[in-house]
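Trainee: Structure in structure tokens, see below.
The values are calculated or read from the model by the stated rules, or taken from the named source; none is laboratory data. The structure displayed is predicted, hence computed values, not measured ones. Note: ideal-geometry Cβ built from the backbone for every residue, glycine included; neighbour counts use all protein chains shown.
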Amino acid sequence: MESSQKTLYNIDRHADIDIVCLYYVSNFCYAPTNEATAEAKDLFYNVLEDSFCFTRLIICLGDFNAVTGVDRRMPAVVSPFGSESPNDNSDRFLKFCASVRLRVCGSWFYRKDIHRLTWHSNDGVTAKEVDHILDTVIKTRPPPRFNIGFLRDYVTAATYAAEVEKCFVAASEEEFSSWNSFCDAMTKMADKALDHDVPMRHE
């Protein structure tokens, strides 16, 4: 790749999360407009995709110069609150999101236009939503619920405290280097000392 097509984006890594803030990719400060050449659009998305680490949660922010449309052709990417009529940029944007398992966060909840529309034409009338926040589509099971009321019992509370102390004494600093590993350890200790809480069913 030529030096004029260098990639400049900010990736802030937190534990298991990559926050990708797009501000200069392949000679663009934002995604190519709909009038740009197909080669420029392909280059933009290819370079952006190369920046991702797919074993981690990704949060990507930027000006993608594309609306999502409202027909939900890709329901895993766009939810009921998409906007505008799709064009070539929309197709490329949504296909890119689908290929790297990202969803358009702003389409998953209702917002007023004053908070949603980010591009305003000089005609004073036309406005579009072209800036987006994307995140990884991850299917997870809800964490187990524990009945912490059992901690009122002296024996149960002492057993739980002993498990916590044993875990922290035996563990190395690296074992708790991420929030997920810390949560997993705490869940295992609670499994040994506490009963699972069964949520009440509402008729």
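Trainee: What number of residues in segment 51-73 are farther than 16 Å from Trp119 by Cα and within 17 Å of the chain's Cα centre (by Cα)?
Mentor: Kept after step one, since they are farther than 16 Å from Trp119 by Cα, are these residues of segment 51-73: 51-60, 70-73.
If we keep only those that are within 17 Å of the chain's Cα centre (by Cα) too, we end up with 51-60.
Total satisfying the criteria: 10.
Trainee: Still on this structure, please answer the following. Select from segment 103-121 the residues that are of a type in the set (A, V, I, L, M, F, W, C) and at pLDDT 90 or above and write down the one among them that is surrounded by the fewest Cβ atoms within 10 Å (Cβ to Cβ).
Mentor: Cys105
Trainee: In addition: Could you give me the residue pairs with C-beta distances under 8 Å whose first residue belongs to segment 77-97 and is in contact (Cβ under 8 Å) with a residue 12 or more places away in the chain, whose second residue is aromatic (Phe, Trp, Tyr) and buried (at least 19 other Cβ atoms within 10 Å of the Cβ) wherever it lies, and which are 6+ apart or on separate chains?
Mentor: Asn89/Phe64; Arg92/Tyr45; Phe93/Phe64; Phe96/Tyr45
Trainee: Under the condition of being small (Gly, Ala, Ser) and either more than 24 Å from Ile148 (Cα to Cα) or at pLDDT 75 or above (or both), which residue from segment 172-186 is farthest from the chain's Cα centre (by Cα)?
Mentor: Only one residue tops the list, namely Ser172.
Trainee: Would you point out the residue of segment 14-73, among those that are among the acidic types (Asp, Glu) and modelled with pLDDT under 85, that is farthest from His120 (Cα to Cα)?
Mentor: So the residue we want is Asp16.
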